[in-house]
Amino acid sequence: MDADLKALLDGAKNFVFLGESGCGKSEIALNLAYLFVERQETHLFDLDQTKPLSRARDVYAQMREKGVRMRYLDQFYDAPTLVGGVPESLTAPDRTTILDVGGSENGARMIGRFSGMLNRPDTKVFYVVNPYRAWSGDIAGVDGTLSAVLRVTRIQNVRFLANPNLGAGTTEREFFTGLERAREILEPYAPIEGACVRAELFERTRGRAGMPLMPLHLYMKQIGTE
């Protein structure tokens, strides 16, 4: 693991990914699960209620083969579903727990009942901002979604993670252009603690972004960037 990325992630056993639908949080959650499963038992909860975008559960077999324990429930029409075992996993010692949470206020609402656990020092909550997405192009758009999400989740400490990606064809130039745009949007108000970059671009961009980088392998079907 890259030293800067290790510094960003260390100190936590639980990770939560929030953000606008299509920002790429599911892909990030999958990559983090692959990263941690080599170190200890890892459970990935797919709590995404957003349809018809791709979701982490679409690669369930691949995750199971790797050793990641993915947990989810199928939805019935638009009824929200919450798989059991979340609090037990969040409090289990020597286990990494990753929550991939739906992009909307309604999707995020279901984790509000765990706010006491999610506000502990052993948990890091990341709000993913992709400046190429429709509702993340300015601070008003980001703040609108984030404020609604924080209101229903009651999470107190959120870290910003930039994901300036357009999918499998994202170029180095597009990554840096998007990262600069994310900085313009967020850094007057809060720091960006890290960014995600296509794995193929990682070696060419590391050390130039001014922040820890997480290389992303794209495991999901490219229906969108989610």
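The values are calculated or read from the model by the stated rules, or taken from the named source; none is laboratory data. Just so it is clear, the model here is predicted, and its values are computed rather than measured. Because the Cβ atoms are built from the backbone with ideal geometry, glycine has one as well, and the counts that use them run over all protein chains shown.
Computed quantities for the displayed model
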item: Residues located in region 124-141, provided they are closer than 17 Å to Ile28 by Cβ and over 13 Å from the mean Cα position of the chain (by Cα); result: Pro131, Tyr132, Arg133, Ser136
item: The lone exception for Ala182 - which of (1) part of a helix (DSSP H, G or I); (2) surrounded by fewer than 21 Cβ atoms within 10 Å (Cβ to Cβ); (3) hydrophobic (A, V, I, L, M, F, W, C) it fails; result: (2)
item: Number of positions in region 23-47 that are outside any loop (DSSP other than H, G, I, E, B) and touching a residue at least 60 places away in the same chain (Cβ under 8 Å); result: 12
item: Selection within region 155-179 - under 26 Å from Asn119 (Cβ atoms), surrounded by fewer than 20 Cβ atoms within 10 Å (Cβ to Cβ) and among the β-branched types (Val, Ile, Thr); result: Val158
item: Qualifying positions in region 80-132 - of a type in the set (S, T, N, Q) and touching a Gly at 6+ places or on another chain (Cβ under 6 Å); result: Asn130
item: Test for Phe160: is it at negative phi, assigned to a helix (DSSP H, G or I) and of a type outside the set (D, E, K, R); result: no
item: Single residue of region 1-20 satisfying the filter (under 12 Å from Phe36 (Cα atoms) and assigned to a helix (DSSP H, G or I)) that is modelled with the highest pLDDT; result: Leu9
